[in-house]
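Notes to accompany the following structure.
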Amino acid sequence: MKTIKKCLFPAAGYGTRFLPATKSMPKEMLPIMTKPLIQYGVEEALESGCDTMAIVTGRGKRAIEDHFDISYELEHQINGTAKEHYLTEIRQLIDNCTFTYTRQVEMKGLGHAILTGKSLIGDEPFAVILADDLCDSADESVLSQMVKVYEKYRCCVVAIEEVPKADTSKYGVISGHLVDGSIDTYRVENMVEKPDPKDAPSNLAIIGRYILTPDIFNIIEKTKPGIGGEIQITDALLEMAKQGKVIAYKFKGKRFDCGSVDGFVEAINHFYKK
Ligand code: UTP
């Protein structure tokens, strides 16, 4: 039986770094080659064993729902033509996944967006993918690797990578002790959201992949707004870490920060060459 069946996609953010492109179009619909960012995320979740994609949207995000639905008019037009194959991949996703949606009415931060998804998740462990962090790996997807880590430790798992110390203020940063060097897992002892390089506990930064246990929802409910006035998932996870319930996993693969223009261009070049 699959341990992680649902994947939550917080996709309500404003995407201000991509204005004006994101004025009326969701950041998650920005294409890398011919596929929007969120489709890569859904493919990764499906490959990792999830069959329910729980998407937290907001105002101006209708295009996401339309993307994961049939477009009768378009399909009628191209059925039986040489262009039919362009829709094969997306049709497979629509046929193999259930998509559920809820709206975050006020954008109060990532922690709040995850809490908004509670009604879609219920009382079971779940994955979280931030679609603007696009991951590519040679063999197994990053989320599949994390599901294995979850199955070993049965607690929250965050994906981490080493970043230049000067960049710590863009990320949640952890410190902890190595528990298994053969698979690069750390028991998290401290985590800080967007620390100044001089205050950062390490250069191990959390990227947009999490596996969370449902007790996180109660903790987020009690979490006060942190840096930027937003309810931060890092602050909620710190409470879990104090009880020894968070593992950080240095994933195998490459991550592109497609929420920034530089990372987005890098991802396009990478996938184009591929
Ligand atoms: P970001 O801070 O990277 O996204 O949030 P943003 O706010 O959309 O982008 P900028 O900084 O203005 O350019 C990380 C993820 O959390 C989601 C975003 O959609 C993104 O996937 N998020 C963030 C929410 O769903 N709700 C929020 O209130 C905040």
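Taken together, the values in this text are just the output of simple stated rules run on the coordinates, not laboratory data. A quick note: this is a predicted structure, and the numbers were derived from the prediction, not measured. Positions of Cβ are backbone-derived with ideal geometry, glycine not excepted, and every protein chain shown enters the neighbour counts.
Brief remarks on what is shown
- Ala11 vs. criteria within 12 Å of the ligand (Cβ to nearest atom), among the aliphatic types (A, V, I, L, M) and closer than 30 Å to Arg154 by Cβ: yes
- Test: residue in the range 66-84 that is more than 12 Å from the ligand (Cβ to nearest atom), more than 20 Å from Met29 (Cβ to Cβ), among the hydroxyl-bearing types (Ser, Thr, Tyr) and in a loop (DSSP other than H, G, I, E, B): yes
- Residue list for the range 161-190, restricted to those being within 27 Å of Met1 (Cα to Cα) and assigned to a strand (DSSP E or B): Val179, Asp180, Thr185, Tyr186, Arg187
- All conditions in (1) under 25 Å from Met146 (Cα atoms); (2) within 16 Å of the ligand (Cβ to nearest atom) hold for Ser48, with the sole exception of (2).
- If only residues of the range 124-139 that are assigned to a loop (DSSP other than H, G, I, E, B) and not aliphatic (A, V, I, L, M) are counted, the one that is nearest to Gly41 (Cα to Cα) is Asp132.
- Residue selected from the range 85-123 under the condition of a type in the set (Lys, Arg), within 16 Å of the ligand (Cβ to nearest atom) and outside any loop (DSSP other than H, G, I, E, B), by the criterion nearest to Glu47 (Cα to Cα): Lys118
- For beta carbons closer than 8 Å, sequence separation of 6+ or different chains, a first residue in the range 218-241 that is farther than 14 Å from Met191 by Cβ and a second that is buried (at least 22 other Cβ atoms within 10 Å of the Cβ) and among the charged types (D, E, K, R), the qualifying pairs are Lys224/Asp235.
- Identity of the residue in the range 252-269, of a type outside the set (A, V, I, L, M, F, W, C) and assigned to a loop (DSSP other than H, G, I, E, B), that ends up nearest to Ile38 (Cα to Cα): Gly259
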